[in-house]
Amino acid sequence: MPYAMSFGKIGMKFSDIGLMFPNHNTPSSKLVLRSVIRVWTCTALRSNFAGDKKNNGISMNVFVRFLKNWTLPVGMTCGMLGFLAFHYVRLLAPIKPAALETAEFLMPTVLFIMLFATFCKVNPRDMRITRWHVWLVLFQLLSCLAIALFLHFTPCFSHALLTEEMIICLVCPTAGAAAVITGKLGGSETSLTTYTILSNLAAAIIIPLVFPLVEKHADASFLSQFFVILRRVFPLLIFPFLIAWGLREFFPKAHAAVVRRTNGLAFYLWGFGLVLSVGQTCRFLVDSPVGIHLKWMLSLVSLFACALQFFIGKNIGAVYGERIGGGQGLGQKNTIFAIWVSYTYLSPVLSVAPGTYIIWQNVFNSWQLWRKQRRDKRAKTK
């Protein structure tokens, strides 16, 4: 079948399949729609190419390897397509509320299981807290606290939303995949895994401490807000570590079975969580009443926060011979958690920040890996 086939020749209309394209003239809707149409076009061409390859004997392992190598664009594409399906297809309208509730339930659940699978691989006896770990945590704590106090005592600040976005980007704990990237770049995976756990512990304390200062409620005191947030954030970040630790100490056979059966599970859960988080971000982008100018500003602030944290982390780590680990520890964030925290406790529009942060950090990581591979090739040729 030729690629070029018009809908008129096959007698098909968009309305025949339940698609409704209302008069959405908002820049956000057009932007999301235009991006997905481009993705659809590329996917169609790639699918046809993959079909030809399959006929020539390409195995399923190649497809799985492709998904592993391209998890980021595939996950983001699926998230955008899922959002557009529920936004434009009339047939899905009756189940849209249930789908939203399911997504909101799955986000913290996926995060919990992902952290548990990651922490099961860590032996607490092998953890060694070093000085650069402490300095990074202090930077995370003091920078968030300073910005929060500034917003608390200047409630009429005109750029409060952008400043809150900086807090989200700074307070977010280190991503579980950061240790893997660190190892590929030539750094210490063990040391960064230790910092990942420490970063989650710090975030569980900093978030309940800082957020009540930023998002004040007239009918609730600081302490009541602190304990409300602590009750939800602390179990999500700390319980996976405590359960994994207890399983290792008291049920070693069960722990060994979990490690064996969940090998690679955290990676796939990260991909699934990426689909959910991108879908949520697209929904907030399109449905948010704020203008396109503010959304672009939020994206630029997240770019600045990403560059700043990689820069500071690398420089702190370099003092102790851990330049790679310091940069990844402070710069590579668990953005799925950040998106959940944004729309749960602050403002849904702030989820744009971690939604774009994930792009910036992965672009930078891709560049680092490419440069490392090029250096290795040059070293082999000499």
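The values are calculated or read from the model by the stated rules, or taken from the named source; none is laboratory data. For clarity, every value in this text was computed on a predicted model and none was experimentally measured. All Cβ positions, even for glycine, are placed from backbone atoms using ideal geometry, and neighbour counts span all protein chains on display.
Starting from the range 223-237, take each residue that is over 17 Å from A148 (Cβ atoms) and at pLDDT 70 or above and list its partners that are assigned to a helix (DSSP H, G or I) and of a type in the set (S, T, Y), counting only C-beta distances under 8 angstrom and pairs at least six apart or across chains.
Going by the 8 Å Cβ cut-off, the qualifying pairs are R232/T344.
Okay, residues lined up against (1) in contact with a Lys or Arg (Cβ under 6 Å, 6 or more places away or on another chain); (2) over 30 Å from V286 (Cβ atoms):
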position: V319; (1), (2): no, yes
position: R323; (1), (2): yes, yes
position: N334; (1), (2): no, no
position: I339; (1), (2): no, no
position: S342; (1), (2): no, no
position: Q361; (1), (2): no, no
position: R371; (1), (2): no, yes
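Could you please find all residues in the range 260-281 being modelled with pLDDT under 80, under 14 Å from the mean Cα position of the chain (by Cα) and of a type outside the set (V, I, T)?
Matches in the range 260-281: A266, F267, Y268, L269, W270, G271, G273, L274, S277, Q280.
Here are V341, V349: which of them is within 13 Å of V171 (Cα to Cα) and assigned to a helix (DSSP H, G or I)?
V341
All but one of (1) more than 23 Å from A202 (Cα to Cα); (2) in contact (Cβ under 8 Å) with a residue 24 or more places away in the chain; (3) out of contact with any helix residue (DSSP H, G or I) (no Cβ under 6 Å at 6 or more places or on another chain) hold for T344; which doesn't?
Among (1) more than 23 Å from A202 (Cα to Cα); (2) in contact (Cβ under 8 Å) with a residue 24 or more places away in the chain; (3) out of contact with any helix residue (DSSP H, G or I) (no Cβ under 6 Å at 6 or more places or on another chain), T344 violates only (1).
Residues in the range 347-355: is at least one out of contact with any Cys (no Cβ under 9 Å at 6 or more places or on another chain), farther than 19 Å from W270 by Cα and buried (at least 24 other Cβ atoms within 10 Å of the Cβ)?
Yes, there is a match, as at least one residue in the range 347-355 is out of contact with any Cys (no Cβ under 9 Å at 6 or more places or on another chain), farther than 19 Å from W270 by Cα and buried (at least 24 other Cβ atoms within 10 Å of the Cβ).
Can you tell me which residues in the range 77-91 are of a type in the set (A, V, I, L, M), surrounded by 14 or more Cβ atoms within 10 Å (Cβ to Cβ) and in contact (Cβ under 8 Å) with a residue 40 or more places away in the chain?
Result: M80, L81, L84, V89.
This table checks each residue for (1) hydroxyl-bearing (S, T, Y); (2) closer than 23 Å to V122 by Cβ.
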residue: S143; (1), (2): yes, no
residue: L151; (1), (2): no, no
residue: P155; (1), (2): no, no
residue: L161; (1), (2): no, no
residue: E189; (1), (2): no, yes
residue: L201; (1), (2): no, yes
residue: L209; (1), (2): no, no
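State whether the residues of the range 361-371 include one that is at pLDDT below 85, farther than 24 Å from A103 by Cβ, part of a helix (DSSP H, G or I) and among the polar types (S, T, N, Q).
Scanning the range 361-371, I find at least one residue that is at pLDDT below 85, farther than 24 Å from A103 by Cβ, part of a helix (DSSP H, G or I) and among the polar types (S, T, N, Q), so the answer is yes.
With respect to G271, determine if the residue is surrounded by 23 or more Cβ atoms within 10 Å (Cβ to Cβ) and under 17 Å from I181 (Cα atoms).
Taking the combined requirement at face value, the residue does not satisfy it.
Need the failing condition index for L276 against (1) touching a helix residue (DSSP H, G or I) at 6+ places or on another chain (Cβ under 6 Å); (2) within 22 Å of E215 (Cβ to Cβ), just the number.
Just one mismatch for L276, condition (2).
For Q373, indicate whether it is among the polar types (S, T, N, Q), within 26 Å of T196 (Cβ to Cβ) and buried (at least 17 other Cβ atoms within 10 Å of the Cβ).
no
Under the condition of being basic (K, R) and part of a helix (DSSP H, G or I), which residue from the range 114-136 is farthest from G246 (Cα to Cα)?
Residue satisfying both the conditions and the ranking: R131.
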